[in-house]
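Step one of this worksheet: look at the structure below.
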Amino acid sequence: MTSFTSGSRKKQVRFQTKDDLVLLREVLAKNPFQNKSAWNEIASAVADTRSNLQVDARRVRERTHLLIDQHKKSNADSLKSSGIDEEYGEKETLLDEILSLVEDEEKQKEKQKEKKETEENRGKDIRKRAMENLTPKKVMMILTMPPHQRETVPEI
């Protein structure tokens, strides 16, 4: 059994409201949902706000996702209690904008996935039609070949 030394575990970070605001402003400015390496820049910008605040890209990313999840939940709760006017602060406004960035990025990924699936289906269809045009003798010859040689079959 191994024991952990006090230096192997990072100190727990307590984010203050002003840290969250700096974090959200940086996230909105750098859009790390599009460029994952931006989390490092955001972490250093947030760490510069307080002398005793030491955060890395992972902590900043996890804190951002936690704030987004809490915001989504509070939005759902406020929809249930309709008719109540709520004051929106800077934090909520920033979270709304970040949430739209996340949703836009998810839509982009979905479009790319659909495009890839369409291309794969088109390729499968072309291969299927090509196999249908082959005579049974040619098909058997190709199917009995090792896979690495199938690509080099000459046209007959």
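Give me the percent of accessible area attributable to carbon and sulfur for the range 11-120, probe 1.4 angstrom.
Summing carbon and sulfur atoms, their accessible area is 45 percent of the total for the range 11-120.
Run the 1.4 Å probe and let me know the accessible area of Thr144, rounded to the nearest 10 Å².
Result for Thr144: roughly 100 Å² accessible.
Check cross-link reach from Lys91 to the aspartates and glutamates: straight Cα distance under 16 Å, and skip same-chain residues fewer than eight apart.
Partners found: Asp19, Asp20, Glu26, Asp69.
Rank by packing, highest mean first: peptides 18-30, 44-56, 98-110, 117-129, with packing defined as the count of other Cβ atoms within 10 Å averaged across residues.
Descending mean neighbour count gives 18-30, 44-56, 98-110, 117-129.
Hey, can you grab everything whose amide H is under 5 Å from the amide H of Gln54? Only 5+ residues off in sequence or another chain; H modelled, so Pro and N-termini drop out.
Answer set, sorted by chain and number: none.
The values are calculated or read from the model by the stated rules, or taken from the named source; none is laboratory data. On a predicted model such as this, the values are computed, not experimentally measured, just so you know. Positions of Cβ are generated from backbone atoms using ideal geometry, with glycine treated the same way; all protein chains shown enter the neighbour counts. Accessible surface areas use protein heavy atoms only, side chains included; no ligands, DNA or RNA. Shrake-Rupley method; radii C 1.70, N 1.55, O 1.52, S 1.80 Å.
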